[in-house]
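A.B. asks: Before we start, here is the structure in question, set down as structure tokens.
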Amino acid sequence: MHFGAIARVPGDPILGLMEAYARDTNPDRFDLGVGVFKDAQGLTPVPRAVKLAEQRLLDGQTSKSYVGGHGDAAFGQLIAQLVLGDDAPLLAARRAGATQTPGGTGALRLAAEFIRQCLPGRGIWLSDPTWPIHETLFASAGLKVSHYPYVGADNRLNVTGMLAALESVPTGDVVLLHACCHNPTGFDLSQQDWQAVLEVVKRRELLPLIDFAYQGFGDGLEQDAWAVRLFAQALPELLVTSSCSKNFGLYRERTGALLVCADSAEKLQDVRSQLASIARNLWSTPPDHGAAVVATILGDPALKRLWADEVDAMRQRIAMLRVGLVEALQPHGLSERFAHIAAQRGMFSYTGLSPQQVTQLREKHSVYMVGTGRANIAGADAARLQVLAAAIADVCR
Ligand code: LMR
């Protein structure tokens with residue numbers, strides 16, 4: 001027997017909620033678990049720009065041969081422009097480049113392997129709390145994982161604690177920062193906070209790895225890139241992971257990129273040679289379809305405009321749901337207690353509900369959210385916010 005000693009591990013807590021929700025027959029159920037956007041019909045739509053690009057690809061694609069180790073060159077160029085800005089001096093100086101990856105998670109894994117193999121001995125610092133996969137992904141790549149405070153037990157952003165902790169991070173270590181729409185809390189740094197973080201990063205000579213999974217879901221496509229661009233122009237070196245899952249609605253196509261900014265064009269090529277070699281051992285070459293869709297959209301001004309409008313509509317819907325939920329909580333005397341939901345950014349909200357309240361919400365009201373009290377506000381139904389508010393009020397009594 002080879003497998004006799006293998007024990008069963010618990011399923012993924014976030015993906016497991018999807019399955020539990022699917023099994024629930026209550027017509028009044030709410031899916032606030034996994035981070036997917038839902039429209040007024042409760043569907044996670046394929047954006048029209050994506051459909052049009054797919055049609056073009058279907059008609060025009062002449063080969064399914066491999067893309068190279070860094071993926072589709074047009075995708076790499078266009079995604080780097082989307083993240084760093086069309087006129088980024090870094091791009092003109094050939095100091096920045098993108099490697100196509102299977103989703104943002106693939107980009108994180110590639111970054112983790114790069115750090116372990118090419119920057120041996122460097123630890124990584126994560127916000128407390130952070131996306132649970134950050135914890136397991138970097139640990140399973142063999143990196144030493146440590147934490148800096150971010151949101152405390154009072155459910156408030158703790159910038160002072162964060163800055164103080166970063167001051168004592170060993171020189172050279174990697175700091176993971178969320179560009180916008182912090183997952184799981186929804187609490188983002190202000191521009192002033194980012195400037196302060198940048199100062200510590202410079203002083204301590206830390207290497208930032210910025211996770212940029214929600215471009216366009218916070219304040220807008222350009223606005224959300226503000227911190228990434230600040231760091232890219234102020235620092236000689238930077239790593240950024242970009243995801244096309246949410247803003248292009250390409251979740252299952254696994255489309256993302258790892259961007260590297262280096263201090264010279266020459267050094268960038270050295271780093272990229274390592275990335276291609278590491279990727280070859282992870283997934284060989286990346287899947288094509290999602291990146292081909294993104295390149296088609298970003299490379300065509302009319303499709304890009306259509307897509308940008310669609311992203312804006314998703315962003316506005318989430319903002320409307322946030323405000324609407326706080327309003328719906330008002331008759332229950334809870335609008336002040338939950339006012340932060342309207343101020344947070346992106347899909348997620350650390351509601352401040354306890355694990356017990358989350359369990360009660362699921363068992364009594366078929367409201368599904370992560371045990372930490374993280375709710376995917378983008379999964380709520382605008383027409384039933386009163387029902388959701390009544391369920392929350394019930395477990396808060
Ligand atoms: C989430 O946090 O729900 C999303 O990022 C989806 C995922 O893969 O966990």
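A.B. asks: Taking the conditions exactly as written (within 16 Å of the ligand (Cβ to nearest atom), under 19 Å from the mean Cα position of the chain (by Cα) and in contact (Cβ under 8 Å) with a residue 12 or more places away in the chain), does residue 76 satisfy them or not?
C.D. replies: Spelling it out, it is not the case that residue 76 is within 16 Å of the ligand (Cβ to nearest atom), under 19 Å from the mean Cα position of the chain (by Cα) and in contact (Cβ under 8 Å) with a residue 12 or more places away in the chain.
A.B. asks: Does residue 36 count as of a type in the set (A, V, I, L, M, F, W, C) and more than 16 Å from the ligand (Cβ to nearest atom)?
C.D. replies: Taking the combined requirement at face value, the residue does not satisfy it.
A.B. asks: Can you pull out every residue in the stretch 253-271 that is assigned to a loop (DSSP other than H, G, I, E, B) and in contact with a helix residue (DSSP H, G or I) (Cβ under 6 Å, 6 or more places away or on another chain)?
C.D. replies: Answer for the stretch 253-271, where residues must be assigned to a loop (DSSP other than H, G, I, E, B) and in contact with a helix residue (DSSP H, G or I) (Cβ under 6 Å, 6 or more places away or on another chain): 254, 255, 262.
A.B. asks: So residue 116 passes all but one of these: (1) within 23 Å of residue 226 (Cα to Cα); (2) surrounded by 16 or more Cβ atoms within 10 Å (Cβ to Cβ); (3) charged (D, E, K, R). Which condition number does it fail?
C.D. replies: The single condition residue 116 does not satisfy is (1).
A.B. asks: Tell me yes or no: at least one residue of the stretch 182-195 is farther than 20 Å from residue 109 by Cβ, outside the structural domain of residue 339 (by TED's automatic domain parsing), more than 20 Å from the chain's Cα centre (by Cα) and surrounded by 20 or more Cβ atoms within 10 Å (Cβ to Cβ).
C.D. replies: Scanning the stretch 182-195, I find no residue that is farther than 20 Å from residue 109 by Cβ, outside the structural domain of residue 339 (by TED's automatic domain parsing), more than 20 Å from the chain's Cα centre (by Cα) and surrounded by 20 or more Cβ atoms within 10 Å (Cβ to Cβ), so the answer is no.
A.B. asks: Let me ask another. Among the listed residues 53, 20, which satisfies the condition of being within 16 Å of the ligand (Cβ to nearest atom), assigned to a helix (DSSP H, G or I) and in contact with a helix residue (DSSP H, G or I) (Cβ under 8 Å, 6 or more places away or on another chain)?
C.D. replies: 20
A.B. asks: Could you run through the stretch 232-252 and say how many residues are surrounded by 23 or more Cβ atoms within 10 Å (Cβ to Cβ) and assigned to a helix (DSSP H, G or I)?
C.D. replies: Total satisfying the criteria: 1.
A.B. asks: Residue 258 - would you say it is surrounded by fewer than 22 Cβ atoms within 10 Å (Cβ to Cβ) and either at pLDDT 95 or above or of a type in the set (D, E, K, R) (or both)?
C.D. replies: no
A.B. asks: OK, next. Being within 16 Å of the ligand (Cβ to nearest atom) and free of Cβ contacts under 8 Å to residues at least 60 places away in the same chain is the requirement here; does residue 10 meet it?
C.D. replies: So residue 10 fits the description; yes.
A.B. asks: Something else now. I'd like the full set of residues that are in contact (Cβ under 8 Å) with a residue 40 or more places away in the chain and either assigned to a helix (DSSP H, G or I) or surrounded by 22 or more Cβ atoms within 10 Å (Cβ to Cβ) (or both), limited to the stretch 289-303.
C.D. replies: 289, 290, 291, 292, 293, 294, 295, 296, 297, 298, 303 - these are the residues of the stretch 289-303 that are in contact (Cβ under 8 Å) with a residue 40 or more places away in the chain and either assigned to a helix (DSSP H, G or I) or surrounded by 22 or more Cβ atoms within 10 Å (Cβ to Cβ) (or both).
A.B. asks: Can you name every residue in the stretch 1-21 that is within 24 Å of the chain's Cα centre (by Cα) and of a type outside the set (Ser, Thr, Tyr)?
C.D. replies: Passing the criteria: 10, 11, 12, 13, 14, 15, 16, 17, 18, 19, 20.
A.B. asks: Shifting gears a bit: Answer yes or no as to whether residue 84 is surrounded by 14 or more Cβ atoms within 10 Å (Cβ to Cβ), among the hydrophobic types (A, V, I, L, M, F, W, C) and not assigned by TED's automatic domain parsing to the domain that holds residue 365.
C.D. replies: It is true that residue 84 is surrounded by 14 or more Cβ atoms within 10 Å (Cβ to Cβ), among the hydrophobic types (A, V, I, L, M, F, W, C) and not assigned by TED's automatic domain parsing to the domain that holds residue 365.
A.B. asks: Looking only at the stretch 22-41, filter to residues that are in contact (Cβ under 8 Å) with a residue 40 or more places away in the chain, farther than 17 Å from residue 365 by Cβ and out of contact with any strand residue (DSSP E or B) (no Cβ under 8 Å at 6 or more places or on another chain); which one of those is surrounded by the fewest Cβ atoms within 10 Å (Cβ to Cβ)?
C.D. replies: Ranking the candidates gives 40 first.
A.B. asks: Within the stretch 112-131, does at least one residue satisfy the condition of being without any contact (Cβ under 8 Å) to a residue 12 or more places away in the chain and either hydrophobic (A, V, I, L, M, F, W, C) or under 30 Å from residue 253 (Cα atoms) (or both)?
C.D. replies: No.
Yes/no matrix, rows are residues, columns are (1) within 22 Å of the chain's Cα centre (by Cα); (2) under 21 Å from residue 26 (Cβ atoms):
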residue	(1), (2)
304	yes, no
322	yes, no
330	no, no
339	no, no
345	yes, no
349	yes, no
385	no, yes
389	no, yes
395	no, yes
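A.B. asks: State the number of residues belonging to the stretch 201-230 that are under 24 Å from residue 265 (Cβ atoms), crowded, with 16+ Cβ neighbours inside 10 Å and either free of Cβ contacts under 8 Å to residues at least 40 places away in the same chain or not assigned by TED's automatic domain parsing to the domain that holds residue 182 (or both).
C.D. replies: Looking only at that region, the number is 3.
A.B. asks: Out of (1) basic (Lys, Arg); (2) over 27 Å from residue 311 (Cβ atoms); (3) not assigned by TED's automatic domain parsing to the domain that holds residue 213, the odd one out for residue 116 is which?
C.D. replies: (3)
The values are calculated or read from the model by the stated rules, or taken from the named source; none is laboratory data. A quick note: this is a predicted structure, and the numbers were derived from the prediction, not measured. Cβ: placed from backbone, ideal geometry, glycine included. Neighbour counts: every protein chain shown.
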